[in-house]
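Enquirer: Would you mind keeping the following structure in view while I ask a few things?
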Amino acid sequence: MGSRRWIWTAVAAVLLVACSSKGGVVSQTRSAGENTISCINDGSVDWTGIKTVYLYGDGCAVPPTCTIRDEETISQLVEQVQQTGEYQEVSRSEYLEGMNGIWVEFDNGVCISMYREENYGTVSKEKETTGKPPFYRFPQEFRKTVQALLESPDKKVSVFEAGLNTLEGVTMKAVDGSADSGSVKLCILNETDLDIMFGENYELQHFVNGQWQSVPYIIDNWTFNAVGYSARKDSPAEITVNWEIFHGSMEQGNYRIIKTVNDFRGSGDYTTYYLAAEYEIKEQ
């Protein structure tokens with residue numbers, strides 16, 4: 001999957017430690033069928049009644065590339081991800097450098113984070129870009145199903161409209177006149193008593209042919225700084241998004257930025273929401 005000599009850096013948005021594992025790291029790749037897989041079959045998570053699965057496959061953790069709600073597909077994914085006999089724990093000598101680019105997030109809180117070009121990743125309760133041991137090779141059928149869903153035109157969505165701007169009293173807008181070909185200044189206003197936190201992560205979209213389309217990245221080993229900001233009640237928080245290093249210069253047209261904000265209640269206790277702000281880049 002290209003050079004393995006990437007630099008590990010802190011990454012943004014919802015990166016927390018992985019779920020604990022009883023297995024630990026072994027001296028060689030082995031079948032984990034006789035072992036307990038944390039968050040899968042250790043009894044800590046309820047796998048009944050899953051109604052929604054979010055897939056992220058564009059190397060960005062917001063917004064979902066596609067949202068799965070049909071019972072048949074969800075049942076298939078749940079069955080495949082629980083085939084613990086097919087998990088292989090990766091030895092320390094086989095650890096890979098780089099970052100995850102696919103996330104499968106079940107509505108019970110479990111997230112499978114995987115490399116895009118390698119069957120390799122972590123199991124935890126957060127979307128992780130690098131993660132911590134143990135690292136696994138996942139059941140092949142599960143990985144194939146995820147890849148097929150991400151590539152399926154009838155499952156893919158260009159936007160996550162139903163989940164945008166749903167946090168009452170918290171809004172985001174582009175500052176008038178601030179948008180140019182390489183950046184835009186955003187203002188997040190919190191009119192509630194909630195403790196609202198956000199980072200530097202974002203999704204850039206361009207309105208083309210009547211629909212919003214994600215702007216592709218021009219580099220492979222991109223990452224966001226792990227910085228947290230607070231939007232206090234009635235105190236507008238401004239942040240400038242510079243995208244040229246990630247996306248290049250934008251032509252004139254209509255764009256929008258999607259960012260995650262967290263209603264933070266305590267360590268490990270928060271709810272994530274998606275805010276969107278539209279703006280126009282005019283001819284320079």
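Enquirer: Quick one: the Cα spread of the stretch 161-281 along its three principal axes, in angstroms, biggest first?
Expert: Extents along the principal axes: 40, 30, 26 Å.
Enquirer: Here's another thing I want to ask about it. Would you mind checking the radius of gyration and Dmax of the stretch 30-151 based on alpha-carbon positions, in Å?
Expert: Both quantities, over Cα of the stretch 30-151: 13.3, 40 Å.
Enquirer: Could you compute how fast the stretch 182-234 diffuses translationally, taking Rh as the Kirkwood radius over C-alpha pairs and applying Stokes-Einstein at 37 °C with viscosity 0.692 mPa s? Give it in µm² per second.
Expert: D = 235 µm²/s.
Enquirer: Can I ask one more? Output the pairs from LYS127/LYS233; LYS144/LYS259; LYS127/LYS282; LYS125/LYS259; LYS259/LYS282 with a Cα-Cα distance over 32 Å in this structure; if there are none, say none.
Expert: Among LYS127/LYS233; LYS144/LYS259; LYS127/LYS282; LYS125/LYS259; LYS259/LYS282, the Cα-Cα distance tops 32 Å for LYS127/LYS282.
Rule-based calculations on the coordinates, nothing more; no lab input. Since we're looking at a predicted model, the values are computed, not measured.
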